[in-house]
1. Within region 180-201, how many residues are in a loop (DSSP other than H, G, I, E, B) and at negative phi?
2. Quick one: residue 87 ticks every box in (1) over 21 Å from residue 46 (Cα atoms); (2) modelled with pLDDT of 90 or more bar one, so which box is it?
3. So, in region 79-103, how many residues would count as being free of Cβ contacts under 8 Å to residues at least 24 places away in the same chain and touching a strand residue (DSSP E or B) at 6+ places or on another chain (Cβ under 7 Å)?
4. Just one of the numbered conditions (1) in the same structural domain as residue 167 (by TED's automatic domain parsing); (2) in contact with a strand residue (DSSP E or B) (Cβ under 8 Å, 6 or more places away or on another chain) is not true of residue 142; which one?
5. Starting from residues that are surrounded by 14 or more Cβ atoms within 10 Å (Cβ to Cβ) and under 25 Å from the mean Cα position of the chain (by Cα), keep the ones in region 101-116 and report whichever is farthest from residue 49 (Cα to Cα).
6. State all residues of region 47-97 that are exposed (fewer than 15 other Cβ atoms within 10 Å of the Cβ), touching a helix residue (DSSP H, G or I) at 6+ places or on another chain (Cβ under 9 Å) and assigned to a loop (DSSP other than H, G, I, E, B); if no residue qualifies, say none.
7. Take region 164-179 and flag every residue that is part of a strand (DSSP E or B) and within 14 Å of residue 150 (Cα to Cα).
8. Consider region 127-139. How many of its residues are at pLDDT 85 or above and over 19 Å from residue 198 (Cβ atoms)?
């Protein structure tokens, strides 16, 4: 099966198309024509290698490499999770993995395997991470290579997240560097002192 990368993320039926290719054949493959510098995108899901989460009725595969010639396989990979209703699966002889095919009659809520949308996890982890409770943001106010609002946006995001211990300073006459209001701006002494004070709390 060949699909353009932009097509995969269009419309509600795209997820069903991808799932259909994965589950109907022994191996489903999706290729994209917009290639990175190190080679074409290539994605394979082995229909005989599904894991199953019985508590949530979800079949999944984790760590599928999507680049034909990945430079960093530990990072250039993705995972897929499919509601159990969308697949018909049988337990393999290893006792832990499943061979699955699309169940065209299966429904999850108002969706079938052919109409289910893709849900990108890009923003799914909001407020799920444990953010450090201590931050120190010092920045030069005379930056020319990045917007001054970068650090301000970070400050506001942290405050919105509920972080209260934030040491924030915009330093006059300093550029995009280790900006300090006291001492030597090229030294990390102030930062190290701040870290030590946090560790003692």
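1. Total satisfying the criteria: 10.
2. Result: residue 87 passes all but (1).
3. 6
4. Among (1) in the same structural domain as residue 167 (by TED's automatic domain parsing); (2) in contact with a strand residue (DSSP E or B) (Cβ under 8 Å, 6 or more places away or on another chain), the lone unmet condition for residue 142 is (2).
5. Step one: of region 101-116, the residues surrounded by 14 or more Cβ atoms within 10 Å (Cβ to Cβ) are 101-103, 106-108, 111-114, 116.
If we keep only those that are under 25 Å from the mean Cα position of the chain (by Cα) as well, we get 108, 111, 113-114, 116.
Details: 108: 22, 111: 24, 113: 19, 114: 21, 116: 22 Å.
The qualifying residue farthest from residue 49 (Cα to Cα) is 111.
6. 54, 56, 57
7. Kept after step one, since they are part of a strand (DSSP E or B), are these residues of region 164-179: 165-171.
Of everything in region 164-179, those that are part of a strand (DSSP E or B) and within 14 Å of residue 150 (Cα to Cα) turn out to be 168, 169, 170.
8. 1
The values are calculated or read from the model by the stated rules, or taken from the named source; none is laboratory data. It should be emphasised that the depicted structure is a prediction, and the values quoted were computed from it without experimental measurement. Here Cβ is always computed from backbone atoms with ideal geometry, including for glycine, and neighbour counts include all displayed protein chains.
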